[in-house]
Amino acid sequence: MKALLVAEYRDGQLLGSYQELIGFARQLGADCSMFLVGSGSALPAFEGTLYLADAAQVGDYNPDVHKQLLLSVIEQEQPDYIVFLHSSYGWDLAPRVACSLKASQISEVVEIKDGTMVVPVCNAKLRRQVTPNTQVTVLTLQAGAFGLAEPPTGSPEVKEVSTDAVGPITFTGYEAAEAGGVDLSKSEVIVSAGRGVGKPENVSIIEDLASALGGDYGASRPVVDSEWVEHNRQVGTTGQTVAPKLYVACGISGAIQHLAGMKKSEFIVAVNTDKDAPIGEVADVLVVADLKQFIPALTEKIKGG
Amino acid sequence: MKILVCIKQVPDMESKFKVDAAGTWYDNADLAWRMNEYDEYAVEQAVQLKEQAGEGDITVLSIGPDKVKEAMKKALAMGCDRGVHVSDDAVSSKEPYQIASIIAAFAGDKGFDVIFTGLQSQDRGSGQVGVLVGELLGLPSVTTVVDFNMEGDSVTAKRELEGGIRAVVKVATPALFTCQLGLNTPRYPTLPNIMKAKKKELLTIPVADLLDVDPRQQTAALFFPEKKGGGLVLEGEVGDLADQLVQILKEKTTVLS
Ligand SMILES: Cc1cc2nc3c(=O)[nH]c(=O)nc-3n(C[C@H](O)[C@H](O)[C@H](O)COP(=O)(O)OP(=O)(O)OC[C@H]3O[C@@H](n4cnc5c(N)ncnc54)[C@H](O)[C@@H]3O)c2cc1C
Ligand SMILES: Cc1cc2nc3c(=O)[nH]c(=O)nc-3n(C[C@H](O)[C@H](O)[C@H](O)COP(=O)(O)OP(=O)(O)OC[C@H]3O[C@@H](n4cnc5c(N)ncnc54)[C@H](O)[C@@H]3O)c2cc1C
């Protein structure tokens, strides 16, 4: 069984996530080769063939160019699996490759069970085991689902690849995330507001608890998207990554993109009306209650000593 | 300008799910249904695009049983001009490639200038349908769009990357865009617009007219994940709960000392 792993490089950096691809391939028991549009000066630690296209020549991510390069490598390698990370790069490129290969694509794999792929359903409340009907299968892996105990070692045998392809989409530049303001990564206590707060006026309930605990308040993405809380307080993959002594998630369901930003917190309390909310998976304590009643009561108790 | 928006109807994620008798999907009984959250941004963007251009015709398409028309009616009330319901009582056995093939078969000869889909669905969440439609139609597709701006036949879009960084790209229409959360602020349909929507065209096409490809994958089983967390679950009266939690925080953390 052969797997072709698709590593990522962005804005001059090799992304460490290639290690997760290797971790997955080991679990699957597949021989692997790797594909990277990157740089010879930042090679992944890996024993095997690395098909390398020079990012300096290819330019920043262009779906059609990357697709053509990858298809030519697949033609040479004839892998059974083509493995991406389920990232903004992976979910963009994988379906294009799958479509060209007439291959099945299984998205956001979290586990291998009896040799088949398991993916989350309904915000991770359920899981689904999926079987492909095609010879070749394209996979994307959930970030963080497959790790390695030890960082990989070795140096790859590099085979250079190139293409003349140009696509209809032109990349014109990067824009930094809205910066400045609050650096939550230094906070010892963070109380975060989720969509469960219901309306912007209720954000003050969260702020009050945060200040009673001598901490800061944060938020999940919908609360930020609705402009109830500014972006520089968003916790998650497209916000900040935090690891306070105490994280209190109020009305937050626990989507993977939120968990990625806070699951390393030392102690996690979740307040949620839904006993089955996936936040329960990472919470040390899940308080099943309406935050509008519970949080003010808690704040009072804490202030009262 | 001709615009197509594809929407999916999904259950409310706060529902209590049960596995169905076949053991391959969740039981559809007793669920509240709504428009996939990502697709609300797609509908809103289509309506804003038409408003900005001062002209245009928006078709909203959804594949599924009769009940998906509820989500379509919301899209019509938000400002789409016409609906195409691809009637499929067996949508459950369809996978993303088949759904994309159906959409591509419908769109093939219609000359849409812009197609919007969601980045992913909230239940199954493959994040494949939009890109596959683009590939099948030979149209460029831009995913994870958080900012969209069209001038003439040129679109400047911002793709959201990890860490909230954005990649700015330019593409000429016809093109397809998959919409990410936060792209805009989806409007609430007003009562007059809900009334108006009732008079809009809602065409039904049997799925057999549009589908001629076999599935490339199937679901072997659907199940609940093993509970690994094993944290403490507290239930009861809020005053007691607050007392218990304060006690726990004193014992297990240093934040109250
Ligand atoms: C590429 C990508 C990147 C993303 N990045 C991020 C990110 O950085 N950060 C982030 O947070 N999300 C991110 N998301 C969005 C993420 O997938 C979820 O949509 C989001 O985290 C949900 O936020 P939420 O939990 O506040 O809302 P919901 O999922 O709507 O959950 C609301 C919760 O509140 C509970 N609730 C309702 N009423 C009450 C009440 N009165 N009292 C107590 N509980 C109540 C409900 O039971 C539910 O569990 C990203 C998504 C994508 C696709
Ligand atoms: C009413 C209903 C019942 C279902 N029952 C089952 C079942 O029993 N078992 C099972 O395995 N699957 C079931 N499905 C799932 C269905 O087969 C999937 O919708 C399909 O495979 C697409 O995958 P996805 O949701 O992961 O798409 P994604 O690629 O995540 O979706 C991305 C975007 O594609 C568009 N899109 C997706 N689906 C549709 C659609 N139906 N109509 C129009 N646009 C769409 C939307 O814009 C969406 O935002 C059901 C779907 C519906 C609507």
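The values are calculated or read from the model by the stated rules, or taken from the named source; none is laboratory data. These numbers come from a predicted model, not from an experiment. Backbone-built Cβ (ideal geometry, glycine too); neighbour counts: all protein chains shown. What goes into the accessible areas is simple: the full protein's heavy atoms, side chains included, and nothing from ligands, DNA or RNA. Shrake-Rupley method; radii C 1.70, N 1.55, O 1.52, S 1.80 Å.
General remarks:
- Meets criteria (assigned to a helix (DSSP H, G or I), on the phi < 0 side of the Ramachandran plot and either in contact (Cβ under 8 Å) with a residue 60 or more places away in the chain or open to solvent by 50 Å² or more (accessible area, probe 1.4 Å) (or both)) for B:Leu136: yes
- Residues located in the stretch A:1-58, provided they are modelled with pLDDT of 95 or more, charged (D, E, K, R) and part of a loop (DSSP other than H, G, I, E, B): A:Glu8
- One residue stands out among those in the stretch B:1-15 that are assigned to a strand (DSSP E or B) and away from ligand 1 (no atom under 16 Å from the Cβ): the one that is surrounded by the fewest Cβ atoms within 10 Å (Cβ to Cβ), which is B:Lys2.
- Of all residues in the stretch B:221-246, those satisfying the criterion of being open to solvent by 50 Å² or more (accessible area, probe 1.4 Å) and more than 16 Å from A:Leu286 (Cβ to Cβ) are B:Phe224, B:Glu226, B:Glu237, B:Asp243.
- Matching residues, the stretch A:73-94, being surrounded by fewer than 24 Cβ atoms within 10 Å (Cβ to Cβ) and more than 14 Å from chain B (Cβ to nearest Cβ): A:Val73, A:Ile74, A:Glu75, A:Gln76, A:Glu77, A:Gln78, A:Pro79, A:Asp80
- Test: residue in the stretch A:132-149 that is of a type in the set (S, T, N, Q), under 17 Å from A:Thr237 (Cβ atoms) and touching a residue at least 12 places away in the same chain (Cβ under 8 Å): yes
- The number of residues in the stretch A:192-226 that are part of a loop (DSSP other than H, G, I, E, B), within 14 Å of ligand 1 (Cβ to nearest atom) and open to solvent by 20 Å² or more (accessible area, probe 1.4 Å) comes to 3.
- Among residues of the stretch B:99-113, those that are near ligand 2 (Cβ under 7 Å from one of its atoms) and open to solvent by 10 Å² or more (accessible area, probe 1.4 Å), counted: 1
- Qualifying residue in the stretch A:263-274 (condition: among the hydroxyl-bearing types (Ser, Thr, Tyr) and either open to solvent by 30 Å² or more (accessible area, probe 1.4 Å) or assigned to a helix (DSSP H, G or I) (or both)): yes
- Residue within the stretch B:5-12 that is under 23 Å from B:Thr143 (Cα atoms) and more than 13 Å from ligand 2 (Cβ to nearest atom) present: no
- The sole residue among B:Thr144, B:Thr156 that is assigned to a strand (DSSP E or B) and either free of Cβ contacts under 8 Å to residues at least 12 places away in the same chain or open to solvent by 30 Å² or more (accessible area, probe 1.4 Å) (or both) is B:Thr156.
- Inside the stretch B:161-195, residues that are under 17 Å from the mean Cα position of the chain (by Cα) and either within 16 Å of ligand 1 (Cβ to nearest atom) or among the acidic types (Asp, Glu) (or both) make up a count of 10.
- Remark: pairs (first residue in the stretch B:160-185, within 15 Å of A:Glu178 (Cβ to Cβ); second residue among the aliphatic types (A, V, I, L, M) and within 16 Å of ligand 2 (Cβ to nearest atom); Cβ separation under 7 Å; 6+ apart in sequence or on different chains) = B:Glu160/B:Val146; B:Arg166/B:Val146; B:Gly182/B:Val146.
- Total residues in the stretch B:16-36 satisfying the condition of being within 11 Å of chain A (Cβ to nearest Cβ), within 16 Å of ligand 1 (Cβ to nearest atom) and open to solvent by less than 20 Å² (accessible area, probe 1.4 Å): the figure is 1.
- Residue among B:Lys196, B:Lys200 that alone is assigned to a helix (DSSP H, G or I), open to solvent by 30 Å² or more (accessible area, probe 1.4 Å) and out of contact with any Ser or Thr (no Cβ under 9 Å at 6 or more places or on another chain): B:Lys196
- First in the stretch A:276-289 and within 7 Å of chain B (Cβ to nearest Cβ) and near ligand 1 (Cβ under 10 Å from one of its atoms), second anywhere and part of a helix (DSSP H, G or I) and open to solvent by 10 Å² or more (accessible area, probe 1.4 Å), Cβ under 7 Å, 6 or more apart: A:Ala289/B:Val238
- The criterion of being away from ligand 2 (no atom under 13 Å from the Cβ) and in contact (Cβ under 8 Å) with a residue 40 or more places away in the chain does not hold for B:Asp39.
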